[in-house]
1. Could you give the size of the charge dipole of region 15-130 about its Cα centre, using +1 on the Cβ of each K and R and -1 on the Cβ of each D and E, expressed in debye and rounded to the nearest 20?
2. Using helices alone, what [θ] at 222 nm do you get for the chain, with -39,500 (n - 2.57) per DSSP H run of 4 or more residues, divided over all residues and rounded to the nearest 500?
3. At 1.4 Å probe radius, can you tell me the per residue accessible area of the chain in Å²?
4. Carbon and sulfur: what percent of region 62-201's accessible surface (1.4 Å probe)?
5. Calculate the spin-label point distance for residue 48 paired with residue 132, positioning each point 7 Å from the Cα along the beta-carbon direction, and give it in nanometres.
6. Rounded, prolate or oblate: which fits region 56-146, taking a ≥ b ≥ c as square roots of the Cα gyration tensor eigenvalues, rounded meaning a/c under 1.5, else prolate when a/b beats b/c?
7. Which of the aspartates and glutamates could a cross-linker bridge to residue 11, judged by Cα under 17 Å and excluding same-chain residues fewer than eight apart?
8. Order 18-30, 122-134 from most to least packed using the mean count of other Cβ atoms within 10 Å.
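The values are calculated or read from the model by the stated rules, or taken from the named source; none is laboratory data. Keep in mind that what you see is a predicted model, and the values were worked out from it rather than measured. All Cβ positions, even for glycine, are placed from backbone atoms using ideal geometry, and neighbour counts span all protein chains on display. Ligands, DNA and RNA are excluded from the accessible area calculation, which covers all protein heavy atoms including side chains. Shrake-Rupley method; radii C 1.70, N 1.55, O 1.52, S 1.80 Å.
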Amino acid sequence: MLDKALQQALKPLMTRAARGLVRLGVGADAISLAGFAVGMGAATAIALQHDWVGLALLLISRLMDGLDGAVARATQPTDRGGFLDITLDFLFYASIPLAFAIAEPAQNALPAAVLLAAFIGTGSSFLAFAAVAEKRKLQSLAFPDKSFYFLGGLTEATETILAFTAMCLWPQWFPYIAYGFAVLCGITIAMRIVWGWQRFG
């Protein structure tokens with residue numbers, strides 16, 4: 001829901017940073033892989049209950065996730081890069097609830113499992129819509145720079161990062177944040193099913 005506005009606000013800064021990285025010979029795929037590694041570091045820190053370290057690494061990882069696309073657009077976007085980016089993103093998003101479950105299994109395992117199930121729903125509806133949209137040669141007007149049809153909803157990347165930030169700041173409230181965000185994911189899943197049903201009828 002907030003992704004488009006945030007991307008527009010950060011676009012000038014990201015574009016300047018991307019140009020600098022291109023001049024240094026840094027490629028988009030390298031940034032994707034490095035960002036994923038930092039994200040796994042965030043999950044490891046959270047699992048070890050170093051939540052502030054985890055939060056810092058998490059935010060750095062997501063900044064790098066924005067930079068890889070900016071670098072790709074400043075050079076030559078590739079299908080391989082788009083595939084790598086979304087695959088690593090989904091793995092990262094799954095790693096954070098899992099990390100909280102490892103940190104406090106008695107308290108967090110069930111809400112983490114519920115949230116991960118909700119993530120499967122948002123991820124599968126997102127990718128299924130994108131696959132059929134590609135088959136029908138549909139273009140996303142909201143996110144024309146993406147490598148495939150980018151379907152929005154209540155729980156996009158920005159909202160997910162805000163939820164993860166709240167979890168790191170107040171880890172004792174993880175179950176309530178996880179359940180609440182899972183409900184929002186459920187609304188997003190329902191919206192996407194309706195959109196797909198109507199659009200592809």
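1. Details: 6 positive and 8 negative charges, 86 e Å.
Once rounded to the nearest 20, the dipole reads 420 debye.
2. Details: 7 runs with 160 residues, N = 201.
About -28000 deg cm²/dmol.
3. On the way: 10810 Å² over 201 residues.
Ligands and nucleic acids excluded, the figure is 54 Å² per residue.
4. On the way: 5000 of 7240 Å².
Exposed carbon and sulfur together represent 69 percent of the surface.
5. 4.5
6. In terms of gyration-tensor shape, oblate.
7. Excluding near neighbours in sequence, the set is 3, 65, 68, 145.
8. Values: 18-30: 15.1, 122-134: 17.1.
Top of the packing list down: 122-134, 18-30.
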